[in-house]
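Step one of this worksheet: look at the structure below.
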Amino acid sequence: MVKKLIPIILIAGTAFLVMKYVKAPESKKRFIKHLVVQIPYLPGRYYA
Amino acid sequence: MSDYDAIIIGAGLGGLACGAILARSGVKTLILEQSGNTGGCCSSIQHDGFTFDIGPSVVEFKWVWDILFEKLGRKTADYIDFIEIDPIYSFITSDGKRFSYPADLTKTRKTIETLSPDDVKGWDKFVRIGSGMSEIFFKSSMFTPMMTLRDMMIFGIKNPLLSLKLKYVFINFESALKGFFKSEAVRASMGMHAYYLGLPPALCPGYAVFLCYTDHEGVHYPKGGMGSIPKGIEKAYREEDGEIRFGERVIKIITDKNRAAGIRTASGKEITSRVVISNINAKTCYLDLIGRDYLPRWAVKAMESYEYSFANPNLMLGLKDQIGLDAHHTVCHSTIEDMNSAWFDYCLKGKIPSRGFLLLSCPTIEDHSLAPENHHCLNIVTVAPYRLSGGKDWDSIREEYIESRIDIVEKEFHLNLRENIVAAKLNTPKDFERMLLQPEGAIFGIQFDNASSMIFRPRIRSGAIKNLYLVGSSTHLGGGTPTTTASGILAADMILREVF
Ligand SMILES: Cc1cc2nc3c(=O)[nH]c(=O)nc-3n(C[C@H](O)[C@H](O)[C@H](O)COP(=O)(O)OP(=O)(O)OC[C@H]3O[C@@H](n4cnc5c(N)ncnc54)[C@H](O)[C@@H]3O)c2cc1C
């Protein structure tokens, strides 16, 4: 039961965040976008 | 047997502070500096009888030098003569209005009240939270290495108040300001502090707004010019038998089985040491001086991923008369929108902004020794891109740039500048790159956002190469005179604990 709920919660959570992002003012969008594009680099940066 | 215990590449503030503590502890230390002077960005030059600061114009957190000199068994005042600056800022608006923020918090409250009575409550709240944040964020984090999640957790446990204020890490500067102040004019007067972290208000982390508060804990200028700070540390370093060689450019960090073992200079000298400390840009240190072939793949990728910080052309003018400025620092008032636009619509597109960040610094208001009698020094600092669009380059637009800055100051802010100029010198981002080997003239090394600060900034103790340590603007604490000095203190303490 719990296992079945996890994907639903994840999808709902992502949808909620996307909605918030879409509705956010331009300045907040820029802030978030600037950080999100750097996420793939964080593990390497952490160990350097 | 190594030639030296420690070799430091670069005599910037970070390298000097680290070197002085190591030398004091009996560590045989050599600093190699490619230029003919100590100080790097924090230097002063002589030009046509004037002493000009090439980079920073004031310092915050003077207590960092007090801690450094205490560790050296000395008193700051015997080495650097700091003068307190008051008012901290004066503002000129394009319709000719002027106002100032004095160091005294109550007096600044009065200024805020005149600008926007509705914002007095916000100011009181700002001061309350600001004093807490100053303790936690700026004072405690200054001497915490912050290399791992464990470091961060310990920091969090020691500073439980931080968890209540964590939101300021996750919102931008602009939103943080909106949480305190209603009036656009008040917000605009504080917006420039985002550029103290090298980012526009939309991209800068929210906690930086509290720099507008910490300014009130004291802003100082060293008598004799900003170059007096490194000169003071250099003096203490030499007194402890530390050695400096000028005109020595390091081109290689020699490694042996992933361990730093010494350096090679451009003149072909190889010098061995037990530890190597880099005070240069972290990307240059790893990708060029160590070299991609000697680094793990992940480290190469991580270094390549960092963006250089922004550039600050610095126009230095000698004036035959004061042009009516009220303070050491005068800000040509711009809206938050202008500050963001300077970044997004201009710098990122290779264009030089005409508004958005224009700082006039007149150090001769406090220190007359910098100019001939009755004359003054004025620095005009703006944000600008390193790469220019339309096939232009900085060397070819020198005159055009100088004229355009003078025009803005005269036409938009009504100051009688042109006819008072008796000397002029411009340092473009390209000049910074040539003089200090700082790629792209990046004034803070690499960018300082949440994804490249704290645990995500190149570590003080290298994670990729043993016995390699980093100090200065591209490691933890980031760019700025106190922060780079503190990075040197942190690194020295770590080296003394771990190696000697
Ligand atoms: C225009 C401008 C305005 C600023 N305004 C302020 C301000 O108002 N307040 C403030 O606190 N901070 C300010 N800063 C930032 C502050 O000056 C810097 O962050 C700080 O001084 C950097 O110190 P650092 O230890 O990183 O060394 P750096 O100053 O970067 O020095 C590095 C040294 O290494 C040398 N070097 C480089 N490559 C080699 C090599 N291969 N071999 C040997 N030597 C090498 C260079 O010549 C240089 O001397 C400003 C900077 C600039 C440029």
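Counting only other chains, what is the mean number of Cβ atoms within 10 angstrom of the Cβ of each residue in peptide B:455-461? If you can, show how the numbers build up before the last one.
Numbers: counts 4, 8, 3, 2, 4, 0, 0.
Mean shielding by partner chains, rounded to a whole number: 3.
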**OP:** Please work out the C-alpha center-to-center distance from the range B:403-429 to chain A and express it in whole Å.
**Re:** 46
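With N set to the number of residues, divide the alpha-carbon radius of gyration of the range A:2-47 by 2.2 N^0.38 Å and report two decimals. Please list the in-between numbers first.
Values: Rg = 14.2 Å, N = 46, 2.2 N^0.38 = 9.4 Å.
Relative to the 2.2 N^0.38 Å estimate, the range A:2-47 comes out at 1.51.
Student exercise: in the range A:2-47, how many lysine pairs 8 or more apart or on different chains have Cα atoms under 29 Å apart? Intermediate results must be reported in sequence, preceding the final value.
Working: A:Lys3/A:Lys20; A:Lys4/A:Lys20; A:Lys20/A:Lys28; A:Lys20/A:Lys29; A:Lys20/A:Lys33; A:Lys23/A:Lys33.
Eligible lysine pairs with Cα atoms under 29 Å apart amount to 6.
What is the gain in length, in nm to one decimal, between B:Arg249 and B:Leu287 on full extension, counting 0.36 nm per residue of separation less the C-alpha to C-alpha distance?
Details: separation 38, 0.36 × 38 = 13.68 nm, distance 1.61 nm.
Length gained, B:Arg249 through B:Leu287: 12.1 nm.
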**OP:** Using only atoms on other chains, find how many Cβ atoms lie within 10 Å of each Cβ of peptide A:23-34 and report the average.
**Re:** 5
Subject >> Added length on full extension, which subtracts the Cα-Cα distance from 0.36 nm per residue, B:Val127 to B:Lys235 >> reply: 35.1 nm
**OP:** Write down, largest first, the equivalent ellipsoid semi-axes of the range B:306-413 in whole Å, where each equals the square root of 5 times an eigenvalue of the alpha-carbon gyration tensor.
**Re:** 27, 15, 13
Subject >> Karplus-derived HN-Hα couplings along the range B:313-322 (A = 6.51, B = -1.76, C = 1.60, θ = phi - 60°), whole Hz, x at Gly and Pro >> reply: x, 10, 9, 9, 10, x, 10, 8, 8, 6
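First select every other residue whose beta carbon is under 12 angstrom from the beta carbon of B:Leu68; then total the charges, Lys and Arg +1, Asp and Glu -1.
On the way: positive: B:Arg24, B:Lys62, B:Lys71, B:Arg74, B:Lys75; negative: B:Asp66, B:Glu70, B:Asp493.
Its environment carries a net charge of +2.
If you restrict to DSSP beta bridges whose two residues both lie in the protein assembly as shown, what percentage is antiparallel, to the nearest 5?
Of those bridges, close to 70 percent are antiparallel.
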Original post:
On average, how many beta carbons from a partner chain sit within 10 Å of the beta carbon of a residue in B:195-203?
Top reply: 2
**OP:** Give me the distance between the Cα centres of the range B:149-211 and the range B:74-88, rounded to whole Å.
**Re:** 28
Original post:
Could you work out Rg/(2.2 N^0.38 Å) for the protein assembly as shown, with Rg from alpha carbons only?
Top reply: 0.96
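Using the crude model of +1 on Lys and Arg Cβ and -1 on Asp and Glu Cβ, and no other charge, please compute the dipole size for the range A:2-47 relative to its Cα centre, in debye to 20. Present the calculation step by step, with values, prior to reporting the outcome.
Working: 9 positive and 1 negative charges, 14 e Å.
Charge dipole of the range A:2-47: 60 debye, to the nearest 20.
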Subject >> Local electrostatic count at B:Gly445 - Lys and Arg +1, Asp and Glu -1, tallied over other residues with Cβ under 12 Å >> reply: 0
Subject >> Simple Cβ-charge dipole of the protein assembly as shown, Lys/Arg +1 and Asp/Glu -1, about Cα centre, in debye nearest 20 >> reply: 2640
Original post:
Taking the Cα centre of the protein assembly as shown as the origin and placing charges on Cβ (Lys, Arg +1; Asp, Glu -1), which of B:Ile21, B:Phe91, B:Leu164 is farthest toward the positive end of the dipole?
Top reply: B:Leu164
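If exposed trypsin sites (Lys or Arg not before Pro) are those in a DSSP loop with at most 11 other Cβ within 10 Å, what is the longest stretch of chain B that has none? Mind showing how you got there, number by number?
Working: sites that count: B:Lys75, B:Lys97, B:Lys257.
That would be B:258-500.
Given the range B:422-481, report the % of alpha carbon pairs whose separation exceeds 18 Å. Let's see the in-between values first.
Values: 834 of 1770 pairs.
The calculated P(r) of the range B:422-481 puts 47 percent of pairs beyond 18 Å.
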Original post:
Can you pull the accessible area of B:Ser183 for me, 1.4 Å probe, Å² to the nearest 10?
Top reply: 20
**OP:** Rounded to the nearest 0.05, what FRET efficiency do B:Lys269 and A:Leu5 give with R0 = 45 Å and r taken as the Cβ-Cβ distance? Could you check?
**Re:** 0.10
Original post:
Using unit Cβ charges (K, R positive; D, E negative) and no other charged atoms, how large, in debye to the nearest 20, is the dipole of chain B about its Cα centre?
Top reply: 1700
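The values are calculated or read from the model by the stated rules, or taken from the named source; none is laboratory data. Small disclaimer: the values here were computed from a predicted structure and weren't measured. Cβ coordinates were reconstructed from backbone atoms using ideal geometry, including for glycine residues, and neighbour counts include every protein chain displayed. When the accessible area is computed, the model is the full protein with side chains, heavy atoms only, and any ligands, DNA or RNA have been set aside. Shrake-Rupley method; radii C 1.70, N 1.55, O 1.52, S 1.80 Å.
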